[in-house]
Amino acid sequence: MIADLLAIWQADAAFPSGAFAFSNGLEGLAALEGGMAAERLETVIGSALRHRWATADRVALLRAFDAADDGAALTAIDREVEATTLCEAFRAGSRRNGAGFLAAHGRLGT
């Protein structure tokens, strides 16, 4: 049960990792002067889910879950995700979030 609670806690955006997850630029779109039409926002979100989450992030997550006890396999998966993330801002954000996540676990002793 503790493992389940820790997983839920870590999935919370308020997990104390020093950074929050980024949402493929949705914050910037939401901040546009005059806003964005709901239909256009739906298209942007659908594209992110279909073209990034479904084909890359979800696949990497499932592979990482299967390889949870194999550090070398996890490293290989991480390197593949890094190599296939073409946008430097997304790569940098991912590295920042990962470093914050590891630092939080270091401070927590987990």
Next on the checklist: List the residue pairs whose Cβ atoms are under 6 Å apart, where the first residue sits in the stretch 69-88 and is under 21 Å from Gly25 (Cβ atoms) and free of Cβ contacts under 8 Å to residues at least 40 places away in the same chain, the second is surrounded by 10 or more Cβ atoms within 10 Å (Cβ to Cβ) and aliphatic (A, V, I, L, M), and the two are 6 or more positions apart or on different chains.
Outcome noted: Val81/Ala60
Item to check | Residue in the stretch 57-72 that is modelled with the highest pLDDT, counting only those that are open to solvent by less than 60 Å² (accessible area, probe 1.4 Å) and of a type outside the set (A, V, I, L, M, F, W, C) | outcome: Gly71
Checklist outcome for this item: Restricting the stretch 88-100 to residues that are surrounded by 12 or more Cβ atoms within 10 Å (Cβ to Cβ) and over 11 Å from the mean Cα position of the chain (by Cα), the one nearest to Ala64 (Cα to Cα) turns out to be Ala99
Checklist entry - Tally time: how many residues in the stretch 8-45 are aliphatic (A, V, I, L, M) and at pLDDT below 65? => result 6
Next on the checklist: Within the stretch 36-55, does at least one residue satisfy the condition of being open to solvent by 50 Å² or more (accessible area, probe 1.4 Å), in contact (Cβ under 8 Å) with a residue 24 or more places away in the chain and more than 26 Å from Ile2 (Cα to Cα)?
Outcome noted: yes
Next on the checklist: Which residue is modelled with the lowest pLDDT, if the candidates are limited to the stretch 73-87 and must be surrounded by 14 or more Cβ atoms within 10 Å (Cβ to Cβ) and not hydrophobic (A, V, I, L, M, F, W, C)?
Outcome noted: Thr85
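The values are calculated or read from the model by the stated rules, or taken from the named source; none is laboratory data. Note that this is a predicted model, so its numbers are computed, not measured. FYI the Cβ positions are ideal-geometry reconstructions off the backbone, even for glycines, and counts take in every protein chain you see. Protein only, heavy atoms only, side chains kept; ligands, DNA and RNA dropped before computing areas. Shrake-Rupley method; radii C 1.70, N 1.55, O 1.52, S 1.80 Å.
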